[in-house]
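A short worksheet on the structure shown next.
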Amino acid sequence: MAQIVLGIGTAHSTQCSMTTDWWVEHGRLDPETTPFEELLRKAPSWMADEIKPEILQQKHTRVQQAIARLGEKIHEVAPDVLVVIGDDQRELFLDDGIPTFAIFMGDEIWDYPADLEKLRPSHRAGWWAFHGDVREAYRCPADLAEHIVEGMNSAEFDVTRFMQQPDGRSLGHAWTFVRRRLVGLDRPQIPMVPIAVNTYYPPNQPSAKRCFAFGRALRAAIESWPADLRVAIVASGGLSHRVIDEELDRRVIGALQTNDVATLEAVPSAKMESGTSETLNWIAAGGALEHLRMTLVDYVAGYRSLAGTGCGMTFATWQSASTQREE
């Protein structure tokens with residue numbers, strides 16, 4: 001039967017993949033998407049230290065080391081399949097249909113190049129981690145995906161299954177980041193089951209409680225697969241951004257480390273706005289990985305403005321306690 005042997009949690013913000021001069025430049029866009037002036041008035045005095053060049057460089061180094069460590073862990077464990085839980089940000093799904101939960105059930109799905117001229121300069125600086133210059137097909141184990149969909153349906157989750165991607169729409173960055181930065185373009189692909197959770201767009205976002213239950217059902221579906229298969233589950237995105245909420249981030253991280261289900265289920269939907277909503281991907285992964293032990297690789301509060309905007313970049317692994325002791 002299939003066995004879940006590894007869990008990975010990773011931020012995927014463009015901030016993870018741009019140099020620190022672009023962090024500050026990227027922060028200049030935040031007044032367009034946040035209550036910036038209000039945040040400035042409430043910002044603590046120590047925020048000025050957080051965006052000093054030497055502090056930004058230290059944090060950038062930590063982020064790159066954490067990403068490298070996650071990649072090393074994937075290759076150490078060598079799973080047969082990656083089941084990646086991410087959120088689509090109007091990449092595959094538009095107003096013709098945005099499902100609460102969706103699973104791709106085809107043999108391959110495509111990553112398409114982006115039109116860089118349409119992007120802001122600071123987005124372009126980190127876009128290499130999302131999409132390349134040429135199309136790339138991602139191999140997907142359709143039979144396993146179909147089995148997972150059947151299992152989720154039996155668990156009373158109404159999951160959208162799709163086998164074709166709409167013309168001209170690329171696989172989203174939540175999944176391509178995993179391929180490009182964790183698996184690595186210099187290494188062979190690992191077949192992937194893309195699972196999409198609508199964390200961003202009201203009114204059909206799932207609650208934290210629903211996401212944790214989804215994760216538990218996902219584990220049961222995977223483990224009922226009859227063939228021998230080593231599976232890694234990846235939570236892609238988060239934690240808090242565009243406004244960093246360190247208290248929320250640390251509460252979620254602590255609950256994942258201790259399998260504090262009540263705390264995870266109680267994360268308020270009102271907090272799950274904008275990029276912070278990607279925390280739901282981690283909570284779903286927590287439900288699927290509660291039989292393993294979570295280790296925090298690093299948490300980097302990547303502030304990029306005096307208003308406290310930025311990204312709570314978080315990186316973690318889940319493995320069995322016995323495996324961790326052997327290391």
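Readers should treat all values here as calculations from the given coordinates under stated rules, not as data from a laboratory. Because the structure is predicted, anything quoted here is derived from the model rather than measured. Note that we place each Cβ from the backbone using ideal geometry, even for glycine, and neighbour counts take in every protein chain shown.
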Straight-line reach only, C-alpha to C-alpha below 17 angstrom: list the lysines that LYS209 could link to, leaving out same-chain residues fewer than 8 apart. LYS271
What number in nm² do you get for the chain if you take the convex hull of its Cα atoms and divide its surface by four? 16.0
What does the C-alpha gyration tensor say about the overall shape of region 1-86? Classify as rounded when a/c is under 1.5, otherwise prolate if a/b is larger than b/c, or oblate. prolate
Would you mind getting me the FRET efficiency between GLU108 and LYS271? Use the beta-carbon distance for r and R0 = 51 Å, nearest 0.05. 0.90
If a helix is a whole DSSP H run, which ones in the chain reach 24 Å or further along their own axis (Cα) and hold a mean Kyte-Doolittle hydropathy of at least -1.0? 53-77
Let me have the relative contact order for the chain, percent, based on Cα pairs under 8 Å that are six or more residues apart. 32
Could you pull the Cα extents of region 70-122 along its three principal axes, largest to smallest, in whole Å? 38, 30, 20
What do you get when you divide the Cα radius of gyration of region 1-153 by 2.2 N^0.38 Å, with N the number of residues? 1.30
What does the extension gain come out to for ASP133 and ASP158, with contour length at 0.36 nm per residue minus their alpha carbon separation? 5.4 nm
Mind checking which aspartates and glutamates have their C-alpha under 17 Å from LYS42, skipping anything on the same chain fewer than 8 residues away? ASP30, GLU50, ASP245, GLU246, GLU247
